[in-house]
Amino acid sequence: MKIKKRVIVLTTIVILLILLGIFYLITKSITHYTGYTILENQDIESEKALSCLTNSEITLFISNNQELEQISYLQINEYLEHIMIIDCSNQKEICSKENIKVYPTWKINKNKIEKNISEQELLEYSGC
């Protein structure tokens, strides 16, 4: 009886180790192909991105507050408070001076982007 229990325990441990190894290889593969990690250092990366965006010159031109709500669905909410947002329906002089004709328009480090952009694009355009 003791031998059977010992075999069962060792078999269970071996199976668990194999499953852990498979899980490790799968997460490593996912990280390699997508760039996303399942680690705590994502918070550190996010803090670095916020710090970088704060030091960048980023302005978002919109035509009304409804557009701002649509933009917030692009998963950039955490960055919006670090971005100057100009509502061209209320500040027409600034928008005409900047020659804004398409909404939303992003001005990132003196480059003009006339479309919605994702979080990844925001970080790329700003050099973060």
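Just so it is clear, none of the values below were taken in a lab; they were calculated from the coordinates. Source: prediction; values computed, not measured. Here the Cβ positions follow ideal geometry from the backbone for every residue, glycine too, while neighbour counts run over all protein chains shown.
Here are a few things to note about the model shown:
- Taking other C-beta atoms within 10 Å as the exposure proxy, HIS32, HIS82 rank HIS32, HIS82 from fewest upward.
- Residue order, fewest to most surrounding Cβ atoms within 10 angstrom, among LEU19, LEU123: LEU19, LEU123
- Along the range 100-110 the Karplus relation, 6.51 cos²θ - 1.76 cosθ + 1.60 evaluated at θ = phi - 60°, assigns HN-Hα couplings of 8, 10, 10, 10, x, 10, 9, 10, 10, 6, 6 Hz to successive residues, with x for each Gly and Pro.
- Restricting the range 91-128 to trypsin sites (Lys or Arg not before Pro) that sit in a DSSP loop and have at most 12 other Cβ atoms within 10 Å of their own Cβ leaves LYS101, LYS110, LYS115.
- Taking other Cβ atoms within 10 Å as a rough exposure proxy, THR27, THR11 sort from fewest to most as THR11, THR27.
- Neighbour net charge for THR11 - beta-carbon separation under 11 angstrom, K R +1, D E -1: +3
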